[in-house]
Amino acid sequence: MPHKHNADRRHHIPKMSFRVQNWPEYEAGLRRRGSLTVWFGDGTVEHWQTFGPGGQSRYMDATIQTTLVIRTVFKPPLRQAEDLMASVLTLMDLTISAPDRKTISRRAVTLPVIQPASMPHGPLHLLIDSTVVQVYGAGKWLETKHGAKSRRKWRKLHLAVDANDGMILALTLTDRDADDPSQVASPLDQTDGRIARVTADGAYDGDPTYQTIASYGDDI
């Protein structure tokens, strides 16, 4: 109720209007939003399935993974995922068959899981550098809605990477006034492994000026 009483005195941003000049291209673009394109490589089709005794189909891991990807995109149940996969193969004029729902459910458990990258061997040389991240929240919404001025909010994301292969080993989120040399303790606590040297960016902005924070002959 209080907002309605003050509605006539508020600052209103006029709604922007656009006039479409190229109707044929615009309408074609809207139609293309509903198009579906599925492409199978020749190697995928050749290794889609094999046949056992009695002509029973035996599907490869890539077949089960392809069916699960389509199910992830369109989110149908297993029964509908089986029929959707069969419909796609029929539209593509392929003679291969789609796995049934029981096969998908049983084989999904045995598929190889993508393993995370292993830690580098030997003593590590950590490089710590940061990047700024802008925070979007109610302040940005108020500025867009009512034209109010709000201060931009920034955070700094400190990343600790391996100097040899560039793998991110640790990260820390702080306010924008924190520098990299002051954030050495957190990456050390997050890193599992032997650390021989830690180098951090000593400059606030502009060109980086790296300085060695710790360097020991033995492990830190």
- Among 96-104, 181-189, 39-47, the order from most to least packed when residues are scored by Cβ within 10 Å on average: 96-104, 181-189, 39-47
- Lys and Arg at +1, Asp and Glu at -1: neighbours of Leu94 with Cβ under 13 Å from its Cβ sum to -3
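Read-outs throughout are calculated quantities, based only on the coordinates presented, and are distinct from any laboratory measurement. Note that this is a predicted model, so its numbers are computed, not measured. Here Cβ is always computed from backbone atoms with ideal geometry, including for glycine, and neighbour counts include all displayed protein chains.
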